[in-house]
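Working notes, beginning with the structure itself.
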Amino acid sequence: MAVVFKPTHVQRKALALVKGGAKHILLFGGSRSGKTTVLVMVIIFRALMYAGSRHLICRYRAKDARSSVLRETLLPWLNNTIGSNGYNYLAHESMITLYNGSEIWIGGLGDREQADKILGHEYNTIYFNEISQLSYAAVTTAYSRLAMKVPGCRNLFLYDCNPGSPLHWAYRIFIRKQQFLNGDPLVKPELYVSMILNPEDNKINLPDDYISDVLDALPEKQKARFKDGAWVKSEGVIYEKFDESMILKAADMPAGYDRIAAGQDFGLNITNVKIGWVGDVIYVLADYGAFNMTTLSFNEELTARGWFIQSFPTYCDPAGGERIQEITGGVKANNSVDSGIDFINAKIERGQFFVADSCTGVLSEIWDYCRDEAGEIVKVNDHFMDALRYAVFSDVQMGVIVS
């Protein structure tokens, strides 16, 4: 017998957002608050309602999307609602076909082959799960795939996350109602809506001691994030002492620089960060990132943006191999991770490090760039941080500026 989804009062309010006129809907909040369940049920309902429709659930890593969304939420609810005979799961394709011809795809945006595969189709719904791990470039690249036309079906973008820092792109867009790249007000703010769901709102579906014995026992920052759904710096932040006083408007940046350098990171999320020196002080002047773009095309885009008006070295990820030759002024970077981080931290502590407010890539990562409990750097959303370190520390190693 099919099981009827019985949402809590707060979950019903979240479902009401989906029925409104917004095109972008974000559910954020603490751990085990029911965000994923709500949005998965929305996708199931839409797939059943509109025969032949196609829907995408994506995360940074495909394996995480399969374990946390597919196996823990999507498949159990499909079994509960339409039964195992009502759908077919093709594991090698990470795709579910329903009895009415609708499809639900599951994938990751952090792997080039996976990204090419899932972004090769058009969809009626794209659900970005745990967007605190996704770059703005990755998400906006997927935007063009919300283009499938099914009569009566209003195409939607869905998002969820445990909130990160207040500099994250989602906070700027959904909470501040600003365009991420320039800070201007959203042209159509009514298309972007958000709602907070916390564990307390989903208490009826949680173990009796989950909030009191698990969440309340967390360190303060983690408790603020995973219990209260607050946008705060992550635990173990590497550049802990970086603060908003170090973010400068264009008018407050120096008129000229003693020298300029850049750092280049390769990969599916390709990034470049340009810095300038005035004496011993570092200024992060500009950054640019793209998703699933070739190195040559990326360099052409930088050139079109006037990136290389001055002549300066671009210190590239040494693992880039032949791609380094495709970057203007490209040379191998010094990839001493801990030494580079220590140097930047020393600059921050001395008040010798500033970032232009237009550097949205650096600013979206710097407060979430952290180490895990084992002391290892969390390799998610760190592409601008790598490029920044290549620029700064490699330039220092040239022996010109050593303070």
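The values are calculated or read from the model by the stated rules, or taken from the named source; none is laboratory data. Model, not experiment: these values are computed from the prediction. Reconstructed Cβ throughout: ideal geometry from the backbone, glycine too, with neighbour counts over all protein chains shown.
Considering every residue within the range 257-279, establish whether at least one is over 29 Å from the mean Cα position of the chain (by Cα) and among the β-branched types (Val, Ile, Thr). Checked the range 257-279: at least one residue is over 29 Å from the mean Cα position of the chain (by Cα) and among the β-branched types (Val, Ile, Thr).
Out of all the residues in the range 324-348, which are under 25 Å from the mean Cα position of the chain (by Cα) and buried (at least 18 other Cβ atoms within 10 Å of the Cβ)? Within the range 324-348, Gly340, Ile341, Ile344, Ile348 qualify. The residue pairs whose first member lies in the range 211-226 and is crowded, with 17+ Cβ neighbours inside 10 Å, whose second member is modelled with pLDDT under 90 and assigned to a helix (DSSP H, G or I), and whose beta carbons are closer than 9 Å, counting only pairs six or more residues apart or on different chains, are Leu215/Gln222.
Among the residues of the range 74-107, write down those that are assigned to a loop (DSSP other than H, G, I, E, B) and either touching a helix residue (DSSP H, G or I) at 6+ places or on another chain (Cβ under 6 Å) or surrounded by fewer than 19 Cβ atoms within 10 Å (Cβ to Cβ) (or both). Steps first, answer last, please.
From the range 74-107, those assigned to a loop (DSSP other than H, G, I, E, B) are 82-83, 91-94, 99-102; that's our starting set.
Of everything in the range 74-107, those that are assigned to a loop (DSSP other than H, G, I, E, B) and either touching a helix residue (DSSP H, G or I) at 6+ places or on another chain (Cβ under 6 Å) or surrounded by fewer than 19 Cβ atoms within 10 Å (Cβ to Cβ) (or both) turn out to be Ile82, Gly83, Ala91, His92, Glu93, Tyr99, Asn100, Gly101, Ser102.
Taking the range 349-369 as the range and being more than 18 Å from Phe180 (Cα to Cα) and surrounded by 19 or more Cβ atoms within 10 Å (Cβ to Cβ) as the test, the residues that pass are Phe353, Phe354, Tyr369. Every listed requirement among (1) of a type outside the set (Lys, Arg); (2) in a strand (DSSP E or B); (3) in contact with a Lys or Arg (Cβ under 6 Å, 6 or more places away or on another chain) is met by Gly110 save one, (2). Just name the residue that is modelled with the highest pLDDT out of those in the range 127-158 that are part of a loop (DSSP other than H, G, I, E, B) and within 14 Å of Ala170 (Cβ to Cβ). It comes out as Asn129.
Just one of the listed residues (Leu74, Leu98, Leu90, Leu70) is over 17 Å from Ile118 (Cβ atoms), among the hydrophobic types (A, V, I, L, M, F, W, C) and out of contact with any His (no Cβ under 8 Å at 6 or more places or on another chain), namely Leu98. Of the residues making up the range 253-298, those that are more than 18 Å from Thr141 (Cα to Cα), in contact (Cβ under 8 Å) with a residue 40 or more places away in the chain and among the β-branched types (Val, Ile, Thr) number 6.
Is it the case that the range 165-174 has a residue that's in contact with a Cys (Cβ under 6 Å, 6 or more places away or on another chain) and closer than 18 Å to Leu39 by Cα? Steps first, please.
Quick first cut of the range 165-174, residues in contact with a Cys (Cβ under 6 Å, 6 or more places away or on another chain) only: none.
Checking the range 165-174: not a single residue is in contact with a Cys (Cβ under 6 Å, 6 or more places away or on another chain) and closer than 18 Å to Leu39 by Cα.
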